[in-house]
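Just below is one structure, and these are the notes that go with it.
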Amino acid sequence: MTQVRAGSCSLPFLITYREMLSVQPLYDLLKTRDMRRIAFLFCLVLLPLLAGAQVKIGYFSYQEAFESMPEYALAQANLKDLKSKYDAETRRVEDEFNRKYEEFLDGQSDFAPTILQKRQTELQEMLKRNVAFKAESVKLLQQAEKEIYAPLKEKLKKVVAAIGAEKGYAVILNTDGDACPYIDPEMGEDVSQLVREALR
């Protein structure tokens with residue numbers, strides 16, 4: 001790569017016109033450290049220009065908007081019903097294990113060695129199955145929550161995009177988790193009410 005010297009100052013990040021027109025793909029050039037420096041310098045030049053322009057920013061709480069959706073209550077009810085079914089099955093297998101374990105404790109002094117070993121193996125296998133079922137039920141509930149919430153999140157995403165396009169916002173920020181502790185009121189507008197109305 002060509003280096004350009006101005007006095008004693010070396011500028012290793014400059015690329016010649018010939019190199020830019022070479023057959024090497026632009027993607028490969030962008031991967032180099034020198035091109036990243038050029039991109040960074042370009043951003044430094046561009047930011048002050050953008051600062052002088054009038055930029056509109058919207059903001060709202062994603063979680064509050066999400067929970068205000070009419071479909072959210074139904075989704076929560078479906079998840080609660082599914083969770084109660086898994087909880088009931090978990091209690092059933094735990095009660096079954098406890099009953100067999102108590103029977104084992106009561107009779108272990110009378111069991112022949114082979115029967116004692118058989119009962120111990122049965123209890124170990126039952127405990128292993130119960131632990132696996134509990135872990136699987138947590139995984140299945142998480143997957144069900146993801147699938148139930150997916151259409152709601154897609155709807156909210158489209159609503160926010162439509163508001164952004166209609167009102168001419170450059171970005172709409174999510175303020176959850178104190179992600180934006182301060183937004184200049186002259187540049188930012190609270191779109192919470194607009195989002196809630198559009199979701200009805």
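The values are calculated or read from the model by the stated rules, or taken from the named source; none is laboratory data. Note that this is a predicted model, so its numbers are computed, not measured. Note that each Cβ is placed from the backbone with ideal geometry, even for glycine, and that neighbours are counted across all protein chains shown. For the accessible areas, the whole protein counts, side chains as well, though only heavy atoms, and no ligand, DNA or RNA atoms are used. Shrake-Rupley method; radii C 1.70, N 1.55, O 1.52, S 1.80 Å.
Scanning region 64-96 for residues that are touching a residue at least 12 places away in the same chain (Cβ under 8 Å) and among the polar types (S, T, N, Q), which turns out least open to solvent (accessible area, probe 1.4 Å)?
Restricting to residues being touching a residue at least 12 places away in the same chain (Cβ under 8 Å) and among the polar types (S, T, N, Q), the top hit is THR90.
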query: Which pairs do you get when a residue that is closer than 13 Å to TYR101 by Cα and surrounded by fewer than 10 Cβ atoms within 10 Å (Cβ to Cβ), found in region 114-143, comes within reach of a residue that is among the hydroxyl-bearing types (Ser, Thr, Tyr) and at pLDDT below 95, reach meaning Cβ atoms under 7 angstrom, with the pair 6+ apart or on two chains?
result: none
- prompt: Could you give every pair whose Cβ atoms fall below 7 Å, whose first residue belongs to region 98-109 and is at pLDDT below 90, and whose second residue is outside any loop (DSSP other than H, G, I, E, B) and open to solvent by less than 80 Å² (accessible area, probe 1.4 Å), counting only separations of at least 6 or pairs across chains?
  reply: GLN108/LEU116
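Conditions tested, residue by residue: (1) at pLDDT 95 or above; (2) in a helix (DSSP H, G or I); (3) touching a helix residue (DSSP H, G or I) at 6+ places or on another chain (Cβ under 8 Å); (4) under 30 Å from LYS56 (Cβ atoms).
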| position | (1), (2), (3), (4) |
| --- | --- |
| ALA132 | yes, yes, no, no |
| SER137 | yes, yes, yes, no |
| GLN143 | yes, yes, no, no |
| GLY177 | no, yes, no, yes |
| PRO185 | no, no, no, yes |
| LEU194 | yes, yes, yes, yes |
field: Flag for GLU64 being out of contact with any helix residue (DSSP H, G or I) (no Cβ under 6 Å at 6 or more places or on another chain), assigned to a helix (DSSP H, G or I) and modelled with pLDDT of 95 or more
entry: yes
statement: Of TYR182, TYR149, the only residue that is hydroxyl-bearing (Ser, Thr, Tyr), open to solvent by 50 Å² or more (accessible area, probe 1.4 Å) and under 24 Å from the mean Cα position of the chain (by Cα) is TYR182
GLY168 vs. criteria under 28 Å from the mean Cα position of the chain (by Cα) and open to solvent by less than 80 Å² (accessible area, probe 1.4 Å): yes
task: Could you tell me whether any residue of region 152-159 is free of Cβ contacts under 8 Å to residues at least 40 places away in the same chain, surrounded by 10 or more Cβ atoms within 10 Å (Cβ to Cβ), closer than 23 Å to ALA77 by Cα and within 17 Å of the chain's Cα centre (by Cα)?
output: yes
- prompt: Cβ-Cβ below 6 Å, separation at least six or inter-chain, first residue in region 176-198 and touching a residue at least 12 places away in the same chain (Cβ under 8 Å), second loosely packed, with under 15 Cβ neighbours inside 10 Å and not small (Gly, Ala, Ser): which pairs?
  reply: ASP176/GLN63
